[in-house]
1. Which condition number does residue 363 fail, the rest of (1) closer than 30 Å to residue 333 by Cβ; (2) in contact with a strand residue (DSSP E or B) (Cβ under 7 Å, 6 or more places away or on another chain) being met?
2. Could you check residue 120 against (1) crowded, with 20+ Cβ neighbours inside 10 Å; (2) farther than 24 Å from residue 189 by Cβ and say which number it fails?
3. Can you tell me which of 216, 262, 289, 333 is modelled with pLDDT of 95 or more, assigned by TED's automatic domain parsing to the domain that holds residue 370 and more than 24 Å from residue 361 (Cα to Cα)?
4. Please state which of the following conditions residue 230 fails to meet, knowing it meets all the rest: (1) under 22 Å from residue 289 (Cβ atoms); (2) modelled with pLDDT of 95 or more.
5. With assigned by TED's automatic domain parsing to the domain that holds residue 170 and either without any contact (Cβ under 8 Å) to a residue 60 or more places away in the chain or within 25 Å of residue 225 (Cα to Cα) (or both) as the only criterion, which of 67, 89 stands out?
6. Out of the range 51-81, which residues are in a strand (DSSP E or B) and either in contact with a helix residue (DSSP H, G or I) (Cβ under 8 Å, 6 or more places away or on another chain) or more than 29 Å from residue 161 (Cβ to Cβ) (or both)?
7. Could you check how many residues of the range 374-386 are in contact (Cβ under 8 Å) with a residue 60 or more places away in the chain and over 23 Å from the mean Cα position of the chain (by Cα)?
């Protein structure tokens, strides 16, 4: 949620340099352009609802690739079959050609479990060209996935790309190959570099006869999982998905972006456009969406970021929340408000900022505009000083909860609020 992510910046710089070094490659044979794959409205499931199992919010500013295969880890939030992958060139400036794609169960790191690999097609073509600003959805893959399971999605990019549409802070591992198409290889010998971002892959949806729909956790770096262990799946949306899987399964989407704000765009390009601009796409555009849990606003307060300049007021944020509530209700989706977490000891904190946070939280709790409330603030606040995170839940920066704090946040969600 820092304007500049101090931990990620040096890692990102090193990763970008390593990836860039790999991208000097011999030209690949061009893939034949294919028609765009099925849209989200097509291929309605005959034996159960189609829900989102995983879908990070995508931004501009990723590295470029040329004649490389990316193998990305996807952690499914719900059980289902008939998998479809979503590929995004939403933030790209040139057409994106995908030469081949493959989905498999993960055995270990970039190694696929034997006998689980499936080639992916788009409109029955092995390759697809995605226009700048567009997205595609694959044909259904005859494969089953369990809740809390990892799958590997491999995407071959035969031609030089522009800056990637990506999700910078994945808190997971993506593997980058040496030159060529390595999508069908089960082993990891051709995957010679690793990063902690996702590229172009913007979703996985499934047919899930047991699921009651999709819930979207929408927010900033607290929802995105900043300061949680890589590959551990200890973000609060992950913990919520595990709770739901036991009694009332739902697909859970983590639509958090580090540094994101409700009202204004962030100057650092990978931290995204404002919530009011991306909400319709990132939240309401998810397959099977029924509920949204909104936790966002602390970056607006910490940066005193008011549209048009001037000091931010509680009414500014309330008006932003009302905009999102109106969008959700117009789409027939319930929206649940999450109270903003305490942050004394972080650089965002000041007496005036704390007064603003308290005013906003009072409105969330008592204003009656949301369809329900999750009191995240109360769940993780220090009992002896409610302006601070409970030391048991503090990751160390006095702003982002640790894994135990993430679990406390997930436990604070009344599952009865969700469909």
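The values are calculated or read from the model by the stated rules, or taken from the named source; none is laboratory data. Here the structure is a predicted model, which means the values were calculated and not measured. Every residue, glycine as well, gets a Cβ built from its backbone with ideal geometry; the counts of neighbours run over all protein chains shown.
1. For residue 363, the exception is condition (2).
2. (2)
3. On the way: 216 fails: more than 24 Å from residue 361 (Cα to Cα); 262 fails: more than 24 Å from residue 361 (Cα to Cα); 333 fails: more than 24 Å from residue 361 (Cα to Cα).
Going through 216, 262, 289, 333 in turn, the sole match is 289.
4. (1)
5. Numbers: 67 fails: either without any contact (Cβ under 8 Å) to a residue 60 or more places away in the chain or within 25 Å of residue 225 (Cα to Cα) (or both).
After ruling out the rest, the residue left standing is 89.
6. 51, 59, 68, 75, 80, 81
7. Of the residues in the range 374-386, the ones in contact (Cβ under 8 Å) with a residue 60 or more places away in the chain are 374, 376.
Filter once more, keeping what is over 23 Å from the mean Cα position of the chain (by Cα): none.
Number satisfying all stated conditions: 0.
Listed here are the residues, each with its yes/no results for (1) surrounded by fewer than 22 Cβ atoms within 10 Å (Cβ to Cβ); (2) touching a residue at least 40 places away in the same chain (Cβ under 8 Å).
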residue: 360; (1), (2): no, yes
residue: 363; (1), (2): yes, yes
residue: 372; (1), (2): yes, yes
residue: 388; (1), (2): yes, yes
residue: 392; (1), (2): yes, no
residue: 395; (1), (2): yes, yes
residue: 398; (1), (2): yes, yes
residue: 403; (1), (2): yes, yes
residue: 414; (1), (2): yes, yes
